[in-house]
Every structure is written in C-alpha cells, then in structure tokens.
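**Student:** Dumping the structure here so I can ask a few things about it.
The values are calculated or read from the model by the stated rules, or taken from the named source; none is laboratory data. Note that the structure is predicted; figures quoted are calculated from it, not measured. Please note: Cβ atoms are built from the backbone with ideal geometry, for glycine as well, and neighbour counts cover all protein chains shown.
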Amino acid sequence: MNVAGRLLATVIPFLLICLSGSMLTGCDKELSVETPGVSVGPIDPSNQREFVRQMVGTYLLLSNELQNQYQQFKATDDADGFVLYRNNHWTPEYIANKSAYEKRFYEQKAYIYRHQLDGLFDLFFGLHKLSVHLKHSLLEKDWKLEQQVLQKLTADQAAVNRYLLVAP
C-alpha cells in the first residue's frame, strides 16, 4: 500500500469515529445536567427581608427535596440510585445556589455580620455536608447516622425558619 493509501486508511476511520461521537452527543439536551447560573442581588436594608425570604426558601426547597428523595430511594433499597440522584441532580443545583450565596457573602461580609445573617449562610453552606452523611448512611446502612442527620436537618430547617421572624 502506498503512503496516500495508508494515510486514507488511518484518517477516514478517525473522522468517522469523531463524526459519530458528535452525532451521538451533540444534539441531546437531556445529557447535560448543568444548572443555569443563579444570581443573588446585593443585600441592603430595603430588601433584606426579601433576601432572607429567598434564601430560606431555597434552603427549604433543597433540604426537603434531598430528604424526600432519600426516603424514596431508601424505601426501594436503592442506595446507588440515591447516589446518582444526589450527584447528578441535587448537588449541581445546590452548588449553583451555594456559589451565588457565597459570592454575596464575600462581597458583603461586613453587612452580613453587622445584621447577624452569618448564621443563615452557615446553615446553607452546611447542607452539602449533611447530604454526604445521608449518602453514607444509606450506602453503609448506618441507621444511627441516618437518624442523626435527619434530626440535624430538622433542627437546621427550624433555625433557618427563625430568620424569617427576625428579618426587619
């Protein structure tokens, strides 16, 4: 075989592999688990109540969704299903929100401490660790850990809700 023939024999299969790969993944929008960017505006006295309400609502939605999915996967004894759900759906949504709140926290740290909102941020930032503990409790069938995490989630939800009462 001459040089041109060998080159074509190498290049054509390579191009076919590249094209078939792009055709398989290029058009399917469901493969992407990206969460759209979350934007959190600045906090000031005129919107502090709305900001707190939004952050509390986001926390409660994420924590309730986590608990509900945990209970459903536990009921079917599907720890791997919960891990996949947590890794591919819950965590990206949580991280998108956490990143937005983290940015706001670092940009307005003085205001947040002055108005005693740092505890709300701490609770929000700690939610991810609780999700990891839930995952391990199901994988290892550690029901004592499960009870500790669920009690902590319930206590944290109550603490988060208290911020609604003290927001000016």
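**Student:** Considering each residue of the range 75-120, count those that are aliphatic (A, V, I, L, M), surrounded by 17 or more Cβ atoms within 10 Å (Cβ to Cβ) and over 24 Å from residue 167 (Cβ atoms), and give that number.
**Tutor:** So the answer is 1.
**Student:** Also, I was wondering about something else. Surrounded by fewer than 14 Cβ atoms within 10 Å (Cβ to Cβ) and at pLDDT 95 or above, is that true of residue 157? Break it down stepwise before answering.
**Tutor:** On the way: surrounded by fewer than 14 Cβ atoms within 10 Å (Cβ to Cβ): no; at pLDDT 95 or above: yes.
Considered against the rule, which asks whether it is surrounded by fewer than 14 Cβ atoms within 10 Å (Cβ to Cβ) and at pLDDT 95 or above, residue 157 comes out as no.
**Student:** Also, I was wondering about something else. Take the conditions within 22 Å of residue 163 (Cα to Cα), modelled with pLDDT of 95 or more, in contact with a Pro (Cβ under 8 Å, 6 or more places away or on another chain) and part of a helix (DSSP H, G or I) and apply them to residue 53. Does it pass? Can you show your working first?
**Tutor:** Details: within 22 Å of residue 163 (Cα to Cα): yes; modelled with pLDDT of 95 or more: yes; in contact with a Pro (Cβ under 8 Å, 6 or more places away or on another chain): no; part of a helix (DSSP H, G or I): yes.
It is false that residue 53 is within 22 Å of residue 163 (Cα to Cα), modelled with pLDDT of 95 or more, in contact with a Pro (Cβ under 8 Å, 6 or more places away or on another chain) and part of a helix (DSSP H, G or I).
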